[in-house]
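These notes concern the structure reproduced below.
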Amino acid sequence: MMAFLIGIGTALAVGAFGTFTGLDRERAFYPTALVVIASYYILFAVMSGSLLALGPELLLFALFAAVAAWGFRRDLRLVIAGLVAHAVMDFFHGGIVSNPGV
C-alpha cells in the first residue's frame with residue numbers, strides 16, 4: 001500500500017513541478033516522462049542481474065515508448081492514457097513479470 005501512495009505522490013509532484021516551472025508547456029514533457037518511467041523496470045532488471053526479466057521488461061518498455069511517440073505526434077491524450085495504463089500495469093506488474101529488482 002505504501003508503494004502505491006509513494007507512486008501517486010511522486011506522480012502528483014512531477015505534474016506540479018512541470019506546471020510550476022512551465023516545463024509542461026512543452027509538448028514533449030509528458031511523453032518524455034512516460035518513456036523515462038517505463039525505462040525504470042529495465043534498470044531494475046539489470047540491477048538485479050535478471051536476464052529472464054529483461055526480455056519482458058524490454059517489450060513493455062517498447063510498448064509504452066511507442067505510445068509516447070505516437071501520442072507526441074498525434075494526440076497528447078494518448079500519452080495521458082499511456083501514463084494511466086502504466087499506473088495500472090504497476091499494480092499488476094508482479095503477476096506479469098517476475099523481476100526481482102522491483
* Asked: Excluding ligands, DNA and RNA, what is the solvent-accessible area per residue of the chain at a probe of 1.4 Å, expressed in Å²?
  -> 67 Å²
* Structure fact -> Of all trypsin sites (Lys or Arg not before Pro) in the stretch 48-100, the ones in DSSP coil with at most 16 other Cβ atoms within 10 Å are Arg74
* Starting from the Cα-Cα distance between Phe92 and Leu52, subtract it from 0.36 nm times their residue separation and give me the gain in nm to one decimal. => 12.6 nm
* Asked: Going toward the positive end of the dipole of the chain, with +1 on Lys and Arg Cβ and -1 on Asp and Glu Cβ, which of Phe91, Gly22, Phe44 do you reach last?
  -> Gly22
* To do: With a/c under 1.5 counting as rounded, go ahead and sort the stretch 53-102 into rounded, prolate or oblate using the C-alpha gyration tensor (a ≥ b ≥ c being the square roots of the eigenvalues; past the cut-off, prolate if a/b is larger than b/c, else oblate).
  => oblate
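Roughly how many percent of the accessible protein surface of the stretch 4-49 is carbon and sulfur, given a 1.4 Å probe and a whole-percent answer? Mind dumping the intermediate values first?
Details: 2300 of 3060 Å².
Here carbon and sulfur together make up 75 percent of the probe-accessible area.
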* To do: Using only alpha carbon pairs under 8 Å that are at least six residues apart, calculate the relative contact order of the chain and give it in whole percent.
  => 30 percent
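Could you tell me the calculated FRET efficiency between Glu26 and Leu5, based on Cβ-Cβ distance and R0 = 35 angstrom, to the nearest 0.05? Don't skip to the end; give the middle numbers.
Working: r = 29 Å, r/R0 = 0.82.
About 0.75, to the nearest 0.05.
Would you mind computing Rg(Cα) / (2.2 N^0.38 Å) for the chain, counting N as its residues? Don't skip to the end; give the middle numbers.
Values: Rg = 14.0 Å, N = 102, 2.2 N^0.38 = 12.8 Å.
Relative to the 2.2 N^0.38 Å estimate, the chain comes out at 1.10.
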* Computed lengthening from Leu63 to Leu12, 0.36 nm per intervening residue step minus Cα-Cα distance -> 16.0 nm
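The values are calculated or read from the model by the stated rules, or taken from the named source; none is laboratory data. Only a predicted model underlies this, so the values are computations on that prediction, with no experimental measurement involved. In this analysis, Cβ positions are derived from the backbone assuming ideal geometry, glycine residues included, and neighbour counts consider all displayed protein chains. Calculation scope for accessible area: heavy atoms of the full protein, side chains included, ligands and nucleic acids excluded. Shrake-Rupley method; radii C 1.70, N 1.55, O 1.52, S 1.80 Å.
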